[in-house]
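Beneath this line is the structure, given in structure tokens, with notes to follow.
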Amino acid sequence: KTIDSLGDLRGKRVLVRSDFNVPLSDDDGTTVITDDGRIRAALPTLQRLADAGARVVVLAHLGRPKGTPDPQYSLAPVAARLGELLGQDVALAEDLVGASAQATVEALADGQVALLENVRFDARETSKVDAERAELAGELAQLADAFVSDGFGVVHRKQASVYDIAQVLPAAAGDLVLNEVESLSKATGDPERPYAVVLGGSKVSDKLGVIANLLTKADRLLIGGGMVFTFLKAQGHAVGSSLLEDDQVETVRGYIASAQENGVEIVLPVDIVAADSFAADAPHQVVAADAIPDGTMGLDIGPESGKLFAEKLADAKTIAWNGPMGVFEFEAFAAGTTAVAQGIIDATADGAFSIVGGGDSAAAVRALGFDEAGFSHISTGGGASLELLEGKELPGLTVLAD
Ligand code: 3PG
């Protein structure tokens, strides 16, 4: 169901679940949002609702507080940034469903937007007990006439503000959610081939499901990031003191074998930037991927690997990328991620459909100064986009279809 199915929204209170889980840093005692991509991605739906005369009440979480108010996870910096981007003051209620939330909603005029405090300050939000989540959803529903689900990054969570609330209020998918699902389904449905997937990030164990699924779907799997060392180890190579998930080595061996059976090409780096320690200024050298010296740790794929990955992407028609190739936050270890980003941009210019998924890769693209327009789709979802690529049903989406 789309926003149109909710009818005339003038004067109606519309509760919108957004994903404002943005990275923050502390700049001399002031909290700064280091990447506001998720807030900007939420604007079209919020603006559309405001333009339609709705009284817009936004629900969001930040971080993983323990079900109780915790000032370090307050949405105050988000309310300020959202206000700047929307060009209107965005009031932040001090609570979620209490007196402050009620007064904030009552004070809204048509076309105004307000934000409720972090939904995870209430333990019922993430409760595994259906009745507890339903109770919170019931209280949230008192604040609104309709619900719009637009936090794509949380649609894989069966939580009160994502799942249960959609069962008590007239509910619709927002434009961001629709756009994400439409774009990602170009890879999950019947992708144009060759279909190449680049996976990075630190842990294999986070990506088991998606790798297993891709072994039946993709034509090429390019592996970088911290997880690559478990692959190199599975091939019998020394990995020094690089990140390694010993308990996944066997599983990865199984993946390599089934890739061979299925005709899926697994592309691993041929060289690695190995550093003496995990630090921005650590002494480092480029070494062969099958001979990482003892006492050094791989923090990026090497220059030959960057070229190889770009070649493997050049003729792809569908590309999905999740996870950086190295510790891109440190300039000395950003070249691999840069090479992959550039390879994807070039392939996109040649007609490939490209998806960047995962909070870190999207942040990397922006932090490294790439133009977002060079990619076909930059997803706001981390776990959510992975689970979609994995072929799972996501509770926050199924509840909207029901
Ligand atoms: C994300 O950052 O991927 C989403 O906001 C979901 O956050 P969560 O993993 O804490 O549920």
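Read-outs: derived from the displayed coordinates by stated rules, not from any lab. Because the structure is predicted, anything quoted here is derived from the model rather than measured. We place every Cβ from the backbone using ideal geometry, glycine too, and count neighbours over all the protein chains shown.
Could you work out the Rg to Rh ratio of the stretch 1-118, with Rh taken as the Kirkwood radius (inverse of the mean 1/r over all Cα pairs)? Please report the intermediate quantities before stating the final value.
Working: Rg = 14.2 Å, Rh = 14.7 Å.
Across the stretch 1-118, the Cα-based Rg/Rh ratio is 0.97.
Which order do peptides 155-163, 128-136 fall in by mean Cβ count within 10 Å, highest first?
Listed from highest to lowest mean packing, they are 155-163, 128-136.
Neighbour counts of other C-beta atoms within 10 Å: give me E117, E106 arranged from fewest to most.
On the way: E117 26, E106 10.
The order, fewest Cβ neighbours first, is E106, E117.
Restricting to Cα pairs below 8 Å that are 6+ residues apart, what does the relative contact order work out to for the stretch 270-402? Please round to a whole percent.
On the way: 226 pairs, mean separation 24.8, N = 133.
Computed value for the stretch 270-402: 19 percent relative contact order.
Take the Cα of D51, step 7 Å along the line toward its Cβ, and report every residue of the stretch 1-40 whose backbone nitrogen sits under 20 Å from that point.
Correct set: 2-18, 39-40.
Which whole-percent values make up P(r) of the chain when all C-alpha to C-alpha distances are grouped in 20 Å steps starting at zero?
For the chain, the pair-distance distribution reads 27, 52, 20, 0.
Apply the Karplus curve 6.51 cos²θ - 1.76 cosθ + 1.60, θ = phi - 60°, to the phi angles in the stretch 27-36 and return the couplings in whole Hz, x for Gly and Pro.
Running phi through 6.51 cos²θ - 1.76 cosθ + 1.60 with θ = phi - 60° gives 10, 6, x, 9, 7, 10, 7, 7, 8, 9 Hz.
Treating the angle as unsigned and between 0 and 90°, give the value, to the nearest 10°, between the Cα long axis of helix 37-51 and the longest Cα principal axis of the chain.
It works out to around 30 degrees.
Would you work out the Kirkwood radius for the stretch 1-68? I mean one over the mean of 1/r across all pairs of different Cα atoms, in Å.
13.9
Where the Cα atoms of the stretch 73-150 are projected onto their three principal axes, how long is each span, largest first, in whole Å?
Result for the stretch 73-150: principal-axis Cα extents of 40, 27, 25 Å.
Mind listing the phi-derived Karplus ³J(HN,Hα) values for the stretch 94-103, rounded to whole Hz, using 6.51, -1.76 and 1.60 with θ = phi - 60°, and x for any glycine or proline?
Whole-Hz 3J(HN,Hα) from phi for the stretch 94-103: 7, 9, 9, 10, x, 4, 5, 4, 4, 5.
Between D130 and D26, what is the spin-label point distance in nm, taking each point 7 Å from the Cα along the Cα→C-beta axis?
4.3
Taking the chain as the reference, fit the longest principal axis to its C-alpha atoms, fit the long axis of helix 335-349 to the helix C-alpha atoms, and give the angle between the two in degrees, 0 to 90, nearest 10.
In the chain, helix 335-349 runs at an angle near 70 degrees to the longest axis.
Give me the Kirkwood hydrodynamic radius of the stretch 71-113 in Å, from all C-alpha pairs, to one decimal place?
It works out to 11.0 Å.
Scaled to the compact-protein estimate 2.2 N^0.38 Å, what is the alpha-carbon radius of gyration of the stretch 263-388, rounded to two decimal places?
Working: Rg = 14.7 Å, N = 126, 2.2 N^0.38 = 13.8 Å.
Output field value: 1.07.
Build a GNM of the chain with springs between Cα atoms under 10 Å: which of D164, D371, D300 gets the top mean-square fluctuation?
Sorting by GNM fluctuation, first place goes to D371.
Can you pull the Rg over Rh of the stretch 232-287, Cα-only, Kirkwood?
1.06
How do 373-381, 202-210 rank on mean C-beta neighbours within 10 Å, highest first?
Result, highest mean Cβ count within 10 Å first: 373-381, 202-210.
Only helical DSSP H runs with n ≥ 4 go in: add -39500 (n - 2.57) per run for the chain, normalise by residue count and round the 222 nm mean residue ellipticity to 500 deg cm²/dmol.
The helix-only estimate for the chain comes to -10500 deg cm²/dmol at 222 nm.
Subtracting the Cα-Cα distance from 0.36 nm times the residue separation, let me have the gained length for D281 to Q88 in nm, one decimal.
65.2 nm
If packing is taken as the average number of other Cβ atoms within 10 Å across a peptide's residues, how do 338-345, 322-329 rank, most packed first?
Working: 338-345: 23.5, 322-329: 26.5.
Highest mean packing first, the order is 322-329, 338-345.
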